[in-house]
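The values are calculated or read from the model by the stated rules, or taken from the named source; none is laboratory data. Treat the numbers as computed from the prediction; the structure is a model and nothing was measured. Heads up, the Cβs are rebuilt from the backbone with ideal geometry, glycines too, and the neighbour counts pull from every protein chain shown. When the accessible area is computed, the model is the full protein with side chains, heavy atoms only, and any ligands, DNA or RNA have been set aside. Shrake-Rupley method; radii C 1.70, N 1.55, O 1.52, S 1.80 Å.
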Amino acid sequence: MKRIFLVLGIVALIVLSIVGVALARDSYVLSALSGASQSGGTLITYKDYNWTFAPENPNVVYVAVWAPDPYRDYIEKALVEVIGKHSLTPVIVDDVQNYDLKGRFVLFYGPVVEENDGLIYNEISISGILYYSYAGDVESAVETINRGLAFSEAEIDKSAETLRKACIERLLELRIANQTCDVAYWWHLKGKVGKLAEGDPYEMVASEIASQLDQFLRIDSDEP
């Protein structure tokens, strides 16, 4: 009987070792909840409506990332790389309110982060909203965030939609022709990298966020 238990114990150790190695070699990025909402595009303008045009320089994209370090640096870098691929000029800014309607505007707001440095893997996650305004509507985003946005799995989609609607309402009020204002959100966007795998979980998460901006910019410019 003791020999049977010994054999079973050895088998169990072998199985656990195989599973552990598999996990240590694994890496992935996924989100518990995510979504995106797009709106706008250049409107047909009527002469008697007194349409105005913004931003002042549509070839410049001002970028702000409101997230804890080191997430901020990784996300900034990923967003800048995507913007450059679209032949646009990215400019990272801190005092964003100085750039309202000056150029296109991208903001990632990610106040909720988690990290877990495990024995066989590193895991990080961030929950946040990506905001893109062709007209460069900084004011709506800042005011909406300052008023307070609910950050929970049940509310983050509504918070993202609140941002988008605030932008559209302001652009209509200002009679700005291009109403493009897009948002995306992620709840627990997770990057997980095994100790034996190559990759950086921060880069993986940042790349996922930047890929959504890439999609927004492609649609905005009617790229294939």
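Observations on the structure shown:
- Label reach from residue 221 (point 7 Å along Cα→C-beta): in segment 60-74, amide nitrogens under 12 Å belong to 60-61.
- Inter-probe distance in nm under a simple model that places probes 7 Å from Cα toward Cβ, at residue 50 and residue 116: 5.8
- Apportionment of accessible area to carbon and sulfur, segment 27-220, percent (1.4 Å): 46
- Length-normalised contact order for segment 27-220 - Cα pairs under 8 Å, 6+ apart - percent: 35
- Phi-based couplings in Hz for segment 169-180 (Karplus 6.51, -1.76, 1.60; Gly and Pro marked x): 4, 5, 5, 5, 4, 7, 6, 7, 5, 8, 9, 4
- Computed over the alpha-carbon atoms, segment 27-220 gives an Rg to Rh ratio of 1.00, Rh here being the Kirkwood radius from the mean inverse distance.
- Surface accessible to a 1.4 Å probe, per residue, for the residues of segment 27-220, Å²: 48
- Where labels lie 7 Å past Cα in the beta-carbon direction, separation of residue 30 and residue 81 in nm: 2.4
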